[in-house]
Amino acid sequence: MSASQSDFFYGWNLLFKTIEKQINKKDDLLIALAHFVLTKHSQFRCIGLGDDKTLTEEDENSGSELLPDNWNDDDKNYALRYTHNKQLYILLGLRTEGSLIITLMDVKAHKVSNIGLDGEEWIKDLKGNISKMIPNASQLSERYRKELLEPVFSGNSRAVTTQTASSSTSSANSDHDPLRIGEPRRPFNPFGAPDFQGPPPFGFPDVGRGDLDPLGRGGPGNLFRFPQQPGYLLGPNAGPRPRFDPFGPPDRGLRPNPNPDHLPPPGFGGDYYM
């Protein structure tokens, strides 16, 4: 075992000596290690057995790093109560066919996490040091931390340092959508025209502004000029484009010049309009 692993499991031997005579099955060691991770590395305090969801003032001011008496009397079920910062947590273990389902519940926040473990895979012996009993104790402790503890608990301890850092990173990158691939999609343009890149939601040009601006800025007025790209309504394979007839008489060289609404120039003798 490396120095860092020895530091992590410092205190395990003391815990194990208090329960050594009670250990009689592999599930017991799985629960004992989960208890060790909660109490040693997340500062949980065990306040007894059961799944009672009420927390008394006495419970808030009590608790221990040790497992209570009779914690493993039931062959198929475990139920342990913990407190942290005056909040109640319940650790449950249920033996099913082939695995032990361990559940951690934050009673107040209604958060629940669980992990399924095969005792035959993880536990190799019921006696000896931790390396002999649980050869991959470090990996199992990490699974407890990530799969059991982090989903329901965000305390300030060595066990959840990684989660706290990742939460900060997530907040800094809150604008990033993890489900989006590539660049953000442009706003939908019903006319499919590339020169319609105006403000959202649809990128329409500033129709009508020219009639209100005395300097004539801002577009062609109330006559909407459709883009001159083929298939701007129905796609590139569409047929002939629909015709748009502006209201009023045409003004493309067909009106006499000078404009009949204008007065004749000074000194003009003849009656041009008669």
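The values are calculated or read from the model by the stated rules, or taken from the named source; none is laboratory data. Note that this is a predicted model, so its numbers are computed, not measured. With ideal geometry, Cβ positions are generated from the backbone for all residues, glycine too; neighbour counts draw on all protein chains shown. The protein model used for the area step is the full one, side chains on, heavy atoms only, and it has no ligands, DNA or RNA in it. Shrake-Rupley method; radii C 1.70, N 1.55, O 1.52, S 1.80 Å.
Odds and ends about this structure:
- Test: residue in the stretch 65-72 that is over 32 Å from the mean Cα position of the chain (by Cα) and exposed (fewer than 12 other Cβ atoms within 10 Å of the Cβ): yes
- Of the residues making up the stretch 22-43, those that are under 30 Å from the mean Cα position of the chain (by Cα) and outside any helix (DSSP H, G or I) number 1.
- Here Gly50 fulfils each of the conditions (1) touching a Phe, Trp or Tyr at 6+ places or on another chain (Cβ under 8 Å); (2) modelled with pLDDT of 90 or more; (3) on the phi > 0 side of the Ramachandran plot apart from (1).
- Of all residues in the stretch 127-157, those satisfying the criterion of being within 16 Å of Lys26 (Cβ to Cβ) and in contact with an Asp or Glu (Cβ under 8 Å, 6 or more places away or on another chain) are Lys127, Lys132, Met133.
- Of the residues making up the stretch 12-35, just one is free of Cβ contacts under 8 Å to residues at least 40 places away in the same chain and closer than 19 Å to Leu117 by Cβ, namely Ala32.
- Single unsatisfied condition, Asn85 versus (1) within 15 Å of Phe9 (Cβ to Cβ); (2) open to solvent by 30 Å² or more (accessible area, probe 1.4 Å): (1)
- Scan of the stretch 74-89 for residues that are under 17 Å from Asp28 (Cα atoms) and modelled with pLDDT of 90 or more, ordered by number: Asp74, Lys76, Asn77, Tyr78, Ala79, Leu80, Arg81
- Exclusive hit being touching a helix residue (DSSP H, G or I) at 6+ places or on another chain (Cβ under 7 Å) and modelled with pLDDT under 95, set Ser62, Ser99, Ser42: Ser42
- Scanning the stretch 44-58 for residues that are crowded, with 16+ Cβ neighbours inside 10 Å and either of a type in the set (Phe, Trp, Tyr) or assigned to a loop (DSSP other than H, G, I, E, B) (or both) yields Phe44, Leu55.
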